[in-house]
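Report on one structure; see the data block that follows.
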Amino acid sequence: AGGVKAGGRSTAAAAHPPWHTLPLKHVIESQQFQPDSLDAIFGVARQMEAVARGSPESRMLAGYNMATLFYEPSTRTRLSFESAMTRLGGAVLTTESAGEYSSAAKGETLEDTIRTIEGYADLIVLRHFQAGSAKKAASAAAVPIINAGDGPGQHPTQALLDVYTIQRELGRLRDFKIGMVGDLSNGRTVRSLAFILAMYSGVKMYFVSPEIVKMKDDIKAHLTEEEVTWEEVDDLREVAHEVDVLYQTRIQKERFQDRPDDYELAKGKYIIDGALMKELQPHAVVMHPLPRVDEITTEVDADPRAAYFRQARNGLYIRMALLKLCLLGH
Amino acid sequence: AGGVKAGGRSTAAAAHPPWHTLPLKHVIESQQFQPDSLDAIFGVARQMEAVARGSPESRMLAGYNMATLFYEPSTRTRLSFESAMTRLGGAVLTTESAGEYSSAAKGETLEDTIRTIEGYADLIVLRHFQAGSAKKAASAAAVPIINAGDGPGQHPTQALLDVYTIQRELGRLRDFKIGMVGDLSNGRTVRSLAFILAMYSGVKMYFVSPEIVKMKDDIKAHLTEEEVTWEEVDDLREVAHEVDVLYQTRIQKERFQDRPDDYELAKGKYIIDGALMKELQPHAVVMHPLPRVDEITTEVDADPRAAYFRQARNGLYIRMALLKLCLLGH
Amino acid sequence: AGGVKAGGRSTAAAAHPPWHTLPLKHVIESQQFQPDSLDAIFGVARQMEAVARGSPESRMLAGYNMATLFYEPSTRTRLSFESAMTRLGGAVLTTESAGEYSSAAKGETLEDTIRTIEGYADLIVLRHFQAGSAKKAASAAAVPIINAGDGPGQHPTQALLDVYTIQRELGRLRDFKIGMVGDLSNGRTVRSLAFILAMYSGVKMYFVSPEIVKMKDDIKAHLTEEEVTWEEVDDLREVAHEVDVLYQTRIQKERFQDRPDDYELAKGKYIIDGALMKELQPHAVVMHPLPRVDEITTEVDADPRAAYFRQARNGLYIRMALLKLCLLGH
């Protein structure tokens, strides 16, 4: 596709395990996706937006079962997957909190749990507190595994819905400027997003954050290597009028535990409010992975450029698309 | 309808928010219903009793999703709603205990949660520990909200099923005598029931309770204003032979914490047992919102006048009716 | 059927409550099943293996509701039942942990809970921490109750899937040798299995366990009375080459609390590993109720004689069969 950098894909693909191609076997990590597979997934997601109640499309997964195996609660993500499955006519086997999962308590390995559950479900959506769990589950599984977040590790469907939202809102994934704001050090969301956007040409990234939670060096080195232009900025107001996308994240107080004054100072400089919206270009959009606390004030919600609830909704279409691709293969 | 007091509706309706009319937008509080909307809902509930397995009616909500967002567990109420939805062919997204809801823990407002969940569900059934939560949710929601109890606040579907049960058991909602028994001070059930029945003519109410948990003055003042005849009675046996409906509730020991002797004394005077059933008229019925502990002895269960399990079952038909009215609009 | 002992059935049946015949009313305890009812159930289970996605058979329970009322979590068993129900087109009302069940906390009896839930569900799958709960529930219920484990009591669907697995793996339920290994004293699984297999002729049982967790005398006395040949063995290697079925169970460290050295010694002697598999006959199979910890090493998993994940999968077919028999009556 136009705007995709040459060369990147083939080398990367060589090192990738088999689920890194379409049709999808598993959805494990953001890095498994390349521009062409993203294109394909987003094309299906777009079709999903048009699935009408009562239509044959709305029954395409009738007879299929999806298990949501959640070792820690994440109501938002779980309901999003379960909605996606039921909107395509499929059935859901749910676990709200398998942390109490009796077999785990007895010492069963994740691999054994997966081999058992796959006897009951055609696809397993896994949420786990430990990084690498999804990959481990996929190695044991005969059915598709979709990673719904594994601790500090990956949350690939969030990354996909973020990129899909940019495409839907701007109409393109190249030649645009994005400001990533807030806690860039700990957020897997912004890290994944920067990684994926680096595959497209003409994307300029501004990293807007307090010193203490700056974007980490590994991502910055990767961007430089990929010839992506990036810049670190201290004050949100400096770049507000520049960007096409403002991706806000929450700064957690815990990060500043030794210096509460710095926290208050930091917070004030990174809040998106009505005044800041006036700086923003008319076509620019504000995104946020949610939940939001006070880093975007509620007065912004009514602004058509506030895209965060549309973004959450896009999660539904992305997950419908992934379920279709994993279960039907096309 | 005959037996409805004149004048009440129009003035009341003027002060009401828009969901107070049919077709239903939201189900938030008992006071939103007037005799004509009750009539309409009960008419649909009656149709729901006749929905046969495999019939087209049993698929009328196919393609619709209902989320049960429960911030505190209430298995009975949740299963009743989920049964109602599945019996009409709809799908369910369930949360058994969103108290652990991760976003809430992170400081997300209820309004934001609702705006996110409504991206996944066509209707939200909300159970919350805080009074006023349902109204707050409705103010933010684009999809219908049904209040499944908000703490000490409202539990309107319980009120509806109570009134529906009286109509089904007696064949009318006017010209009858009801004894409300037990803890009349803290039970939102009996308070709502008294409020709704005050809209019908010829209803005589006996409040049968220990001194310490008497019906509160606000309800009594309202009844007097509405020219409803009511009377406070100390001993259940005084009115047992008089009433058409005996509505029993549980007296919680906690209310008597300073005076355990009074509790034992009080309890004994308000128990419905085989002996008391002999006092009851042949056509009278015994109701209870359940769960019951020992305030109705199990020997009463086999008596055809014991209506409490039929009453619980009526909750299913009322909820089916509300889901139909909220989602299909008629 | 051939291989079934004469005489046993009629006497036993005489003492049995009405659910002990086909069509099934309830599924409460292993002892309710006789060879002819097992034959019938296994015949249906076999048909269930062939139910194809999208076929009319896969919709046979459309319009039916099943409630899983679990007072303690058991994700494996719950998902197995819920999968069975959805694979036949039925709907599921789920409770992951009714331990927090508010009505129970308020002092409601199990009988009252059942009478309420049966207003919402066509069948109730009950998991309870107290022995005898399923029988108590069945005595109150108008809808079928399936016992999914009641504490130290019964877990009949596990017993059925174990016996079904032997029939599927060996092709018969008579004239074979089984070694039951591990904790034979506390495991309800092996006790039920021994009890059921005693109804078939030519079954030789080896009980392979440390002294401290030997098979209890009541079962041994019953087997002797039924003229079943049984033998107690101290070392697994003694019988590995003899048996057609090796049924492994987990030895819990807690049982040896006073003598940790004995535990280590015991454990080593009862592990099934690659070396032991070499002793096993080519047609023999290894079973385990799961979860497994280290009493079967993972190197065994790839051996075609490792039947334990197939056994877990058979639980699905058995439960589909029981749902069909309980709800449709044939």
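The residues of the stretch C:184-203 that are part of a helix (DSSP H, G or I) and free of Cβ contacts under 8 Å to residues at least 40 places away in the same chain, listed by number, are C:Arg188, C:Arg191, C:Ala194, C:Leu197.
Only one entry of C:Val285, C:Val293 meets the criterion of being at pLDDT 95 or above and either more than 14 Å from chain A (Cβ to nearest Cβ) or within 21 Å of C:Leu161 (Cβ to Cβ) (or both), and that entry is C:Val285. Residues in the stretch B:177-209 that are under 15 Å from the mean Cα position of the chain (by Cα) and open to solvent by less than 10 Å² (accessible area, probe 1.4 Å) were compared, and the one that is farthest from B:Glu231 (Cα to Cα) is B:Ile196.
Assessment of the stretch B:160-176 against the conditions (surrounded by fewer than 21 Cβ atoms within 10 Å (Cβ to Cβ), touching a residue at least 40 places away in the same chain (Cβ under 8 Å) and under 20 Å from B:Ile271 (Cα atoms)) yields no matching residue. Within the stretch B:119-151, the set of residues being in contact with a Pro (Cβ under 7 Å, 6 or more places away or on another chain) and either among the aliphatic types (A, V, I, L, M) or open to solvent by 10 Å² or more (accessible area, probe 1.4 Å) (or both) comprises B:Leu123, B:Ala131.
So, A:Tyr308, is that one within 13 Å of A:Tyr164 (Cα to Cα) and in contact with a His (Cβ under 9 Å, 6 or more places away or on another chain) or not? So A:Tyr308 passes the test.
Of the residues screened, A:Ser97 is one that is under 25 Å from the mean Cα position of the chain (by Cα), within 8 Å of another protein chain (Cβ to nearest Cβ), buried (at least 19 other Cβ atoms within 10 Å of the Cβ) and at pLDDT below 95.
Figure legend. Inter-residue proximity from the stretch B:239-255: first residues under 18 Å from B:Met277 (Cβ atoms), second residues assigned to a loop (DSSP other than H, G, I, E, B) and at pLDDT below 90, beta-carbon distance below 8 Å, spacing 6+ or different chains. Indicated pairs: B:Thr249/B:Gly187. When we screen A:Ile212, A:Ile178 for residues that are under 22 Å from A:Leu161 (Cβ atoms) and among the β-branched types (Val, Ile, Thr), the only hit is A:Ile178.
Scanning the stretch A:48-59 for residues that are more than 16 Å from A:Gln311 (Cα to Cα) and in contact (Cβ under 8 Å) with a residue 24 or more places away in the chain, we see that the one that is nearest to the other protein chains (Cβ to nearest Cβ) is A:Ser58. When we screen A:Ala62, A:Ala91, A:Ala84 for residues that are at pLDDT 95 or above, open to solvent by 10 Å² or more (accessible area, probe 1.4 Å) and facing chain B (nearest Cβ under 10 Å), the only hit is A:Ala91. Counting the residues of the stretch C:254-269 that are within 13 Å of C:Glu295 (Cα to Cα) and either surrounded by 13 or more Cβ atoms within 10 Å (Cβ to Cβ) or touching a His at 6+ places or on another chain (Cβ under 8 Å) (or both) gives 4.
Exactly one residue out of B:Lys214, B:Lys177, B:Lys204, B:Lys220 is closer than 30 Å to B:Pro260 by Cβ, of a type outside the set (Phe, Trp, Tyr) and at pLDDT 95 or above: that is B:Lys220.
Filtered by the rule that a residue be open to solvent by less than 40 Å² (accessible area, probe 1.4 Å) and over 16 Å from C:Val239 (Cβ atoms), the stretch C:270-294 gives C:Gly274, C:His288, C:Pro289, C:Leu290, C:Pro291, C:Arg292. The test for being touching a Pro at 6+ places or on another chain (Cβ under 8 Å) and over 23 Å from B:Leu93 (Cα atoms) holds for B:Gln32.
Among the residues here, C:Gln154 qualifies as over 21 Å from B:Glu72 (Cα atoms) and buried (at least 24 other Cβ atoms within 10 Å of the Cβ).
Here is a yes/no grid of residues against (1) within 14 Å of chain C (Cβ to nearest Cβ); (2) modelled with pLDDT of 95 or more; (3) farther than 30 Å from B:Met60 by Cβ:
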residue	(1), (2), (3)
B:Arg250	yes, no, yes
B:Ala266	no, no, yes
B:Pro304	no, yes, yes
B:Tyr308	yes, yes, no
B:Asn314	yes, yes, no
B:His330	no, no, no
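The values are calculated or read from the model by the stated rules, or taken from the named source; none is laboratory data. This is a predicted model, so every value here is computed, not measured. Please note: Cβ atoms are built from the backbone with ideal geometry, for glycine as well, and neighbour counts cover all protein chains shown. To get the accessible areas, we keep the full protein, side chains included, count just its heavy atoms, and leave off ligands, DNA and RNA. Shrake-Rupley method; radii C 1.70, N 1.55, O 1.52, S 1.80 Å.
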